[in-house]
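First up is the structure itself, then whatever we jot down about it.
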Amino acid sequence: MSRHEAPISDLHSKAAALNADYRHHSAIAVLARALHDPEVGPLALVSSFGAESVVLLHMVALAQPGTPVIFIETGMLFTETLVYQQELAVRLGLRDIRIVRPDGAEARAQDPAATLNQTDPDACCALRKTVPLNRALAGFDGWITGRKRYQGAARAALDFFEVEEGTGRLKVNPLAHWQPGDARTYIEENRLPRHPLVAQGYPSIGCMPCTSPVAPGEDARAGRWKGRDKTECGIHMVNGKFVKQGEST
């Protein structure tokens, strides 16, 4: 039986022990521990190569550059994102970028005209993001996210290590205790390249048809699915199902 098939109670105990050990440690210390501790098991970093993704990518490059990095190429990303992904991987020396795409047959059957984002954006996200990600995470004992406590009430008690209910995987959240502005400070202090669209008014970057610039004073995610009752792509799981919980990477 592999680790990610271990009893959930054991995983909860493991997560609690890890959180107790690292409660007062920095993000990079938590990440390094997670990547090198055999008790945690094999991990992947899921990255959108978006506005703040360079933070965790840089930390992974410092701690263990051979860490698998899963990049979901939906087929609808900005050209700037695709170029940024390639340039950043080379600059940081990341050695295992895994580009994941939606299944061609499923895409042709469910979205033959590539217009599903206009009629049912949730279904489009499921087809192009959540289902491919679930497949890509098979075989990993956990994955690394960029979620933070300040991002919403549901995350107010977010820990560094948690159990992804229904899958038997751990989720590692090194930036859980970061505050607004910490990512920008880290990027500036380490002289890291920012996504080119950030300077054009895109503080949160997803697929091109569903992302627009944000006006001064607006929430950072106001440009995602503008005009729709949708604010999240939904790549986090509860009881084995993907649910809307916000941008993870």
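We did not get these values from a lab; they are worked out from the coordinates using the rules stated. Quantities reported herein were computed from a predicted structural model and do not represent experimental measurements. We place every Cβ from the backbone using ideal geometry, glycine too, and count neighbours over all the protein chains shown.
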Residues H12, H177, sorted so that the one with the fewest Cβ neighbours within 10 Å comes first
H12, H177
Rounded if a/c is under 1.5, else prolate if a/b is larger than b/c, else oblate: which is the stretch 1-126, with a ≥ b ≥ c the root eigenvalues of its Cα gyration tensor?
oblate
Sorted on mean Cβ neighbours within 10 Å (highest first), peptides 133-146, 49-62, 89-102 come out as 49-62, 133-146, 89-102
Starting at 0 and stepping by 10 Å, how many percent of the alpha carbon pairs of the stretch 3-243 end up in each bin?
7, 31, 39, 20, 3, 0
Could you list which residues have their amide H under 5 Å from that of L77, counting only those 5 or more apart in sequence or on another chain, with H placed in the peptide plane?
M208
Under a 5 Å amide H to amide H cut-off, with H placed in plane at 1.01 Å, what residues pair with L170 once short-range neighbours are removed?
G142, W143, E164
Quick one: 3J(HN,Hα) in Hz for the stretch 206-211, Karplus 6.51/-1.76/1.60 with θ = phi - 60°, rounded, Gly and Pro as x.
x, 6, 4, x, 10, 10
Pairwise Lys count, the stretch 3-243 - Cα closer than 16 Å, eight or more residues apart or different chains:
5
Quick one: what are the phi-derived ³J(HN,Hα) couplings along the stretch 118-124, Karplus 6.51/-1.76/1.60 with θ = phi - 60°, whole Hz, x for glycine and proline?
7, 9, 8, x, 5, 5, 5
Ranked output for segments 103-109, 120-126 by mean other Cβ atoms within 10 Å, highest leading, reads 120-126, 103-109
Give me the net charge of H25's neighbourhood, meaning all other residues with Cβ under 14 Å from the Cβ of H25; Lys, Arg count +1, Asp, Glu -1.
-1
Whole-Hz Karplus ³J(HN,Hα) for the stretch 194-199, in order, using 6.51 cos²θ - 1.76 cosθ + 1.60 and θ = phi - 60°, x for Gly and Pro?
8, 4, x, 6, 4, 5
